[in-house]
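Written out below as structure tokens is the structure these notes cover.
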Amino acid sequence: MPQYQPMTIHEKLRLRMESLELEKQGKLDEAKQLRQQIPMPPWLAKFARKYMGTDFLKEYKWNLSEADAEYGSEWLTK
């Protein structure tokens, strides 16, 4: 099992700033893909699973690494 390496706040902010710049340039799909690399907070991932379903989280390819680290790798299917 690979070791979980949390993304620092600086890395998250860098990705968000880059995505905002892409949005300003009209590159909306690229901006969305960049935003989705930022880990979703575990509490929000759990909320999304409950109210929007696992298909929502899988379909939009959210980064769930922080939720996996907190709840275990099988949390999404339990």
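Laid out as a table, the results:
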{"read-out": "Rounded tilt (10° steps) of 42-52 against the dominant C-alpha axis of the chain", "value": "80"}
{"read-out": "Label-to-label distance, nm, for residues given as Met7 and Asp55 (7 Å Cα→Cβ offset)", "value": "2.6"}
{"read-out": "Helix-only [θ]222 nm of the chain, DSSP H runs n ≥ 4, -39500 (n - 2.57) each, per residue, nearest 500", "value": "-18000 deg cm²/dmol"}
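Only the coordinates and a few stated rules stand behind these numbers; no lab work does. Everything numeric here is computed off the predicted structure, so don't read it as measured data. Cβ coordinates were reconstructed from backbone atoms using ideal geometry, including for glycine residues, and neighbour counts include every protein chain displayed.
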